[in-house]
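Remarks on the structure that follows.
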Amino acid sequence: MPAESTPLEVKTKRKPSDKMIISIASGKGGTGKTLVATNLALSLGDVQLIDCDVEEPNSNIFIKAKMEGNEEVRMIVPEIDKEKCNFCGKCADFCAYNALAVVPTNVLVFPELCHSCGGCELVCPKGAISWKERIIGKVEQGRKENLDFCHGLLKVGEIMTIPVIKVLKKKVDKNKDVILDSPPGTSCPVIETISGSDYCLLVTEPTLFGLHDLKLAVEVVRHLKISFGVIINRDGIGDERVESYCKKEGIEVLMKIPHSEKIAELYSRGIPFIEEMPEWKEKFVSLFNNLKNEART
Ligand code: SF4
Ligand code: SF4
């Protein structure tokens, strides 16, 4: 395979001990992950915020960073030489992602399904497979005062989020504290995002659904051996089950953000609530400083 495939091998850069990578995750969408990530980043100021929710990046609605540069994210997909191909079907049989279909006189390639694993080339007895690049999205970088910001944008119709997240994670600045806004859920894009983090903040709601999804997220961070704590958003809408679960499991509830018409209204207008409720800025700074102090001990 050509050298261009290397983005798939990129790992998160480790940071010096006085800098942290904090990921913000939640078992499902709509729990307030971006609310926490953006208000935390703006409260701290001199950090790097990377929005890894590449299907729906909306952190910059609140950050309002001036974007200064972008980079295309490419993948390679097979190209079939019909002069060499004997339509044996070995490539399609091998492909676990159904990205190839062999018919009597043609090999159909479905680029959106291809994971660029290179296996089809290895099994082809005729050397009929070569590679071509395709653009699946882009990564943009910008800044607001001393806050560095990056986000990834998957092209419409594309489904391969992980290569875009990998390129985003290459942008981690080892000289800054970094906040990673994860995609929602507990599947591969989340694991890709939070892997290598020093700490994971799990944002949940005090409802039965919130509890269900929180349990799944806890399983993931425990499996990855990442230190974590919980932030309860819209505190007051549900019951005590999330807190009881956290107590029983020895999980620290680090912050409770109340169910508040004002916060919801500001969110709907793209305004970070720390701007109008400055007492919360101190709470986010204090939360972050406590996490750093804990990491040092
Ligand atoms: S394995 Fe090679 S020769 Fe066989 S169908 Fe695929 S591309 Fe053609
Ligand atoms: S590179 Fe891998 S995923 Fe893509 S078509 Fe070949 S076998 Fe399938």
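Rule-based calculations on the coordinates, nothing more; no lab input. On a predicted model such as this, the values are computed, not experimentally measured, just so you know. A quick note on method: Cβ atoms are made from the backbone with ideal geometry, for glycine too, and the neighbour counts reach across all protein chains shown.
Please order Y97, Y199 by the number of other Cβ within 10 Å, starting at the fewest.
Y97, Y199
Could you tell me which Cys residues in the chain have no other cysteine's Cβ under 4.7 Å from their own Cβ, answering none if every one has a partner?
C52, C85, C88, C95, C114, C117, C124, C150, C188, C200, C246
Given a 10 angstrom Cα cut-off, can you work out which residue in L42, L214, L113 is the most mobile in a GNM of the chain?
L113
Give me S286, S260 sorted ascending by neighbouring Cβ count inside 10 Å, so fewest comes first.
Starting with the residue having the fewest Cβ neighbours, the order is S286, S260.
Between T186, T34, T105, find the one with the highest GNM mean-square fluctuation for the chain; connect C-alpha pairs within less than 10 Å.
Of T186, T34, T105, the Gaussian network model singles out T105 as fluctuating most.
Subtract the Cα-Cα distance of E133 and F209 from 0.36 nm times their separation in residues, and report this length gain in nm to one decimal.
So the extension gain works out to 23.2 nm.
Applying 1/(1 + (r/R0)^6) with R0 = 25 Å to the Cβ-Cβ distance of E240 and R269, what FRET efficiency is obtained, to the nearest 0.05?
0.20
How large is the helix-only mean residue ellipticity at 222 nm for the chain, computed as the sum of -39500 (n - 2.57) over DSSP H runs with n ≥ 4, divided by its residue count, in deg cm²/dmol to the nearest 500?
About -9500 deg cm²/dmol.
Using the Karplus curve 6.51 cos²θ - 1.76 cosθ + 1.60 with θ = phi - 60°, work out ³J(HN,Hα) for each residue of region 59-71 in order, rounded to whole Hz, and write x for Gly and Pro.
Rounded to whole hertz, the list is 4, 6, 4, 9, 6, 6, 6, 7, 7, 10, x, 8, 9.
Please give the contour-minus-distance gain from H259 to K84: 0.36 nm per residue of separation, less the Cα-Cα distance, rounded to one decimal in nm.
Residue separation times 0.36 nm, minus the Cα-Cα distance, leaves 56.6 nm.
List the extent of the Cα atoms of region 84-183 along each of their three principal axes, largest first, rounded to whole Å.
60, 25, 20 Å, listed from the longest principal axis down.
Give me the dipole magnitude in Debye, nearest 20, for region 147-297 about the Cα centre, with unit charges on the beta carbon: positive for Lys and Arg, negative for Asp and Glu.
So the magnitude is around 600 debye.
Give the lysines reachable from K144 as a straight Cα distance under 23 Å; neighbours fewer than 8 places away on the same chain don't count.
Candidates past the 8-residue exclusion: K15, K19, K33, K64, K66, K169, K170, K171, K174, K176, K281, K283.
From the Cα trace of region 82-127, what convex hull volume per residue do you get, rounded to a whole Å³?
Once divided by residue count, the hull of region 82-127 is 67 Å³.
Tell me the angle of helix 279-296 to the major Cα principal axis of the chain, expressed in degrees between 0 and 90 and rounded to the nearest ten.
Roughly 70 degrees between the two axes.
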